[in-house]
Amino acid sequence: MSGADEETRQARAALARIAEPGDEVLGRWVTALGPVETWRALREGDGPPAGASPDRWAGMRLRAGNTSPEADLARIARLGGRFVCPEDREWPRQLDDLGPGQPVGLWVRGPCSLRFVALRSVALVGARACTDYGAHVAAELATALGDRGWTVVSGAAYGIDGAAHRGALTTGGSTIAVLACGVDVSYPAAHRELLGRIAERGLLVAELAPGDHPTRWRFIQRNRVIAALTRGTVVVEAARRSGSLVTARHASRLGRHLMAVPGPVTSGLSAGTHRLIREEATLVGDAADIIELAGDMGDLAAPEAAPVVPRDLLAPQVGEVLDALPATAPATVEEVARGACTSLAAAGARLRELTSLGFVERVGDRWQLCRAGPRHAGPADVSGDVPA
């Protein structure tokens, strides 16, 4: 696929200005007629295609009368951006999974190839009014994913989204902000500097034409692009009625991996993630868990090693003798042998071994636990007190 010709690009740019994100009726027109014919029908008003109500057709005709794709394409070029069409090499083919609801095109700002950086990408989403715990977890996950060469995708909103983008940027990794407004609109205004950094080192992506402002519906529809663009979605923190749960539902419907991070059971902002884990999401706690699920075959998380204490390194028979020693008073070899259910000779040999390791000390003809703890732990260099 060499790319869209100029007529197709202008037609798609016009339709991106006219249509609302996720408009499946328009998507079916484009599939049936092609973008050029659909734009011509809207511009010239030949009559509504199948499935268009008179009111909807009239509204779209009004928008078409004020649409100048040439001006929009010139505007995005002045911003250093571009308009990416499904006919272009840069188009991420996974967006086709949205069917007739897929974007007619995407306005993009940033130096990276959208198709390339989205190949290994994960969405990190969550509550706007997040807790310090949620912001910390999002930043840590994004930083670790960036270190492993994964792209972090989010929506540039307050809270979890912002923390995820910042975490990815700290490592020099790629991050994509999918916006519910034009790529030249700083929303939220407090994220102007963050959006600028993303445009310099990652990508700003939007279905809305330059200058368009967000609405509630556009935020909701933006979430389907986040879900479709990535291999999986991680909900870091969410209340029971959170916009991030919309992204989760899209990810599940599209067959993407759905993950969630557990939080304190006392926090209302963990209620949504806990419900996802209970119903369909996979619990994840770090980047390795995410990559094991969303990555390529063989991209496994390292096995978790439980904390090791010196006592763990003892042979089972030696540990049984140590367990047989009373906690508060010395014991004879016979008492130890009886407690460990072994012979006197074996008990004596193991007590001498425990003495050399610093677990046990001899007091006359009796043996007791060494209160100072073991001097060394055997094969592993592990130190620490041993509970009596």
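The values are calculated or read from the model by the stated rules, or taken from the named source; none is laboratory data. Bear in mind that the values here come from a model prediction, so they are computed numbers and not experimental data. Using ideal geometry, Cβ is built from the backbone for each residue, glycine included, and neighbour counts are taken over all protein chains shown.
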Using the structure shown, decide if ALA156 is crowded, with 24+ Cβ neighbours inside 10 Å, modelled with pLDDT of 95 or more and part of a loop (DSSP other than H, G, I, E, B). yes
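State which residue is surrounded by the fewest Cβ atoms within 10 Å (Cβ to Cβ) when the search covers only the range 172-187 and only residues that are part of a loop (DSSP other than H, G, I, E, B) and small (Gly, Ala, Ser).
Filtering the range 172-187 for residues part of a loop (DSSP other than H, G, I, E, B) gives 172-174, 180-187.
Filter again for small (Gly, Ala, Ser), leaving 172-174, 180, 182, 186.
On the way: GLY172: 9, GLY173: 22, SER174: 27, ALA180: 26, GLY182: 23, SER186: 15.
This residue is GLY172.
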For the range 62-92, which residues satisfy the criterion of being touching a Ser or Thr at 6+ places or on another chain (Cβ under 7 Å) and closer than 22 Å to TRP29 by Cα? CYS85, GLU87
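For the range 1-32, what are the residues that are hydroxyl-bearing (Ser, Thr, Tyr) and either modelled with pLDDT of 90 or more or assigned to a helix (DSSP H, G or I) (or both)?
Result: THR8, THR31.
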Can you spot a residue in the range 188-195 that is surrounded by fewer than 24 Cβ atoms within 10 Å (Cβ to Cβ), of a type in the set (A, V, I, L, M) and out of contact with any strand residue (DSSP E or B) (no Cβ under 9 Å at 6 or more places or on another chain)? yes
Selection count, the range 196-216, where residues are under 18 Å from SER244 (Cα atoms) and either surrounded by fewer than 16 Cβ atoms within 10 Å (Cβ to Cβ) or touching a His at 6+ places or on another chain (Cβ under 8 Å) (or both): 2
Taking the condition of being surrounded by 17 or more Cβ atoms within 10 Å (Cβ to Cβ) and in contact with a Ser or Thr (Cβ under 9 Å, 6 or more places away or on another chain), how many residues in the range 93-103 meet it? 1
Is it the case that some residue within the range 215-226 is more than 19 Å from the chain's Cα centre (by Cα), part of a loop (DSSP other than H, G, I, E, B) and under 14 Å from ALA157 (Cα atoms)? yes
Any chance the range 162-171 includes a residue that's farther than 25 Å from ARG216 by Cα, more than 11 Å from the chain's Cα centre (by Cα), part of a helix (DSSP H, G or I) and modelled with pLDDT under 95? yes
Please indicate, with yes or no, whether at least one residue in the range 236-248 is in contact with a helix residue (DSSP H, G or I) (Cβ under 7 Å, 6 or more places away or on another chain) and over 16 Å from ALA157 (Cβ atoms). yes
Going residue by residue through the range 250-257, is there one that turns out to be within 16 Å of GLU279 (Cα to Cα), more than 13 Å from the chain's Cα centre (by Cα) and part of a loop (DSSP other than H, G, I, E, B)? yes
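Kindly evaluate ARG120 against the criterion of being assigned by TED's automatic domain parsing to the domain that holds HIS250 and closer than 17 Å to ALA228 by Cα.
On the way: assigned by TED's automatic domain parsing to the domain that holds HIS250: yes; closer than 17 Å to ALA228 by Cα: yes.
Criteria met by ARG120.
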